[in-house]
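What follows is a single structure, written as structure tokens, with notes after it.
The values are calculated or read from the model by the stated rules, or taken from the named source; none is laboratory data. Source: prediction; values computed, not measured. Cβ atoms come from the backbone with ideal geometry, glycine included; neighbour counts cover every protein chain shown.
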Amino acid sequence: AWRMPVFLPVFALFVPLIWLVRRFVSGRLQSYNENLRREIEGMNSQLGGMINMIPITRAHAVEDEEVARLENRFSNVRSAARSFDFFAGTFGATMWVALMLFNLGGFAAAAFLSYRGLVALTPGDIVLLAGYFNTIMAAVLQLNAMLPIVTRGFDGLRSIGEVLESPDIEDNRGKKSVEQVRGEFTFENVSFSYEKTDGVTPALRGLNFQVTAGETIGIVGPSGSGKSTLISLITGFHRPTSGRILLDGVDMNAIDLRTFRHRLAVVSQQTILFNGTLRENIVYGTRDVTEAELQAAINDANAMEFIRELPRGLDTELGAAGVQLSGGQRQRIAIARALLRDPRVLILDEATSALDTGSEAVVQQALERLMSGRTTFIIAHRHAVLRRANRILTLDKGALVEQASNELIAAAN
Ligand SMILES: Nc1ncnc2c1ncn2[C@@H]1O[C@H](COP(=O)(O)OP(=O)(O)OP(=O)(O)O)[C@@H](O)[C@H]1O
Ligand SMILES: [Mg+2]
């Protein structure tokens, strides 16, 4: 065995060689893989958007364009995947061939040296050498086969890291939770811009007003005047750019908004129902609801009658595979949902538009039950909806404009 050190430099050559190859390869593998991952993420988000757009796409008869756009996307993913696999495959094959040539060269050198009598080699030595080569080759090839897998794994980890490291936009951590909500709001010089850059006209400017608990506030104004923006400040989806909003005398920046939202309900034009039974849809977001409470909420929402006529009552499946509800029926489901939550603060977004007069009256009656005793904000374009308001805030280009509420309310009546 003492003769073998002659071949040690030959084996030692492997180390820098493999290190070099790995350095060259792993960077490129990584960039191919990152490319592939981005393509796949893009494809997923395009697919999601496309599925939501299906009704509009069909209504405009542009299915072919959508399919073409998607095919484009698929072919990008396919070519990114092919580049990655082609590179990984070429690398694996090249390594294999290189190692085999190295092996061959080693044997040729050994044969030559032995033939010339420069180094005394016995057949046993040759077998031993072959054994060494095979062991090293198997190890190196296995490591190489791992390289694409390891690259994908690390890239996946990076992708997870990007999500985990993105800051919590709401920043609720460690903030005070609110046990009781009375529903008083104070706006102190509140302004809000969607863009953080200067010079852009803010969506809301210098709002000052107070709302006492249990009041009903109508919000009116032309399209784009900031009504929806004002609502998103009240729900805490956006925070004021300057000024502050107090909830029951406490700055909303200082409270855990999730605990406030337990006492908040939103009834909007587009009631979102998910695939599941009607019962699941109504109790969504509430805990420990008794059957009696559920029945009472359905009754107060004027929904009992139409639910009884459904094939399986409360256990009727909704959604793609089930029953479709009308606009007025959906709204009453939303009202029942809101009643069950027993909120202190209620937000109604143009809640009775797009209904015929018959069902509007039923919905209106249910809404009035829901509003009583709760701080309510109503966005409405039509005066009839504002009849119940104690006060009306009129927005124009993001600012409150002075307008006698009484007059507006009188006009509504
Ligand atoms: N996500 C957003 N990003 C940037 N600007 C926005 C965004 N949402 C609204 N805006 C802008 O803020 C202003 C107020 O919009 P907002 O949606 O609050 O109006 P609105 O009173 O609810 O209108 P509408 O009656 O049409 O619903 C508009 O100028 C609008 O272009
Ligand atoms: Mg709006």
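Structural remarks
- Comparison of L129, L204 shows that the only residue that is over 30 Å from F84 (Cα atoms), within 16 Å of ligand 2 (Cβ to nearest atom) and among the aliphatic types (A, V, I, L, M) is L204.
- Flag if F74 is under 26 Å from the mean Cα position of the chain (by Cα), part of a helix (DSSP H, G or I) and either hydrophobic (A, V, I, L, M, F, W, C) or outside the structural domain of V25 (by TED's automatic domain parsing) (or both): yes
- Test: V15 is part of a helix (DSSP H, G or I) and either surrounded by 14 or more Cβ atoms within 10 Å (Cβ to Cβ) or of a type outside the set (D, E) (or both): yes
- Some residue of region 390-403 being modelled with pLDDT under 85, outside any strand (DSSP E or B) and within 21 Å of T229 (Cβ to Cβ): yes
- Checking K176 against (1) touching a Phe, Trp or Tyr at 6+ places or on another chain (Cβ under 6 Å); (2) surrounded by fewer than 17 Cβ atoms within 10 Å (Cβ to Cβ), the condition it does not meet: (1)
- If the condition is being within 16 Å of ligand 2 (Cβ to nearest atom) and at pLDDT 90 or above, then region 208-223 contributes I217, G218, I219.
- Within region 198-230, being under 16 Å from I347 (Cα atoms) and crowded, with 18+ Cβ neighbours inside 10 Å holds for V211, T216, I217, G218, I219, V220, G226, K227, T229, L230.
- Region 227-254, subset touching a helix residue (DSSP H, G or I) at 6+ places or on another chain (Cβ under 8 Å) and of a type in the set (D, E, K, R), residue farthest from A265 (Cα to Cα): R244
- Number of positions in region 93-138 that are surrounded by fewer than 12 Cβ atoms within 10 Å (Cβ to Cβ) and in a helix (DSSP H, G or I): 15
- Here the condition is being touching a helix residue (DSSP H, G or I) at 6+ places or on another chain (Cβ under 7 Å), more than 30 Å from T197 (Cα to Cα) and not small (G, A, S); of L264, L273, it holds for L273 alone.
- Check on E66, part of a helix (DSSP H, G or I) and surrounded by 16 or more Cβ atoms within 10 Å (Cβ to Cβ): yes
- Test for S75: is it farther than 30 Å from Y132 by Cα and in contact with a helix residue (DSSP H, G or I) (Cβ under 9 Å, 6 or more places away or on another chain): no
- Boolean, L273 is assigned by TED's automatic domain parsing to the domain that holds L325 and either within 21 Å of the chain's Cα centre (by Cα) or among the charged types (D, E, K, R) (or both): yes
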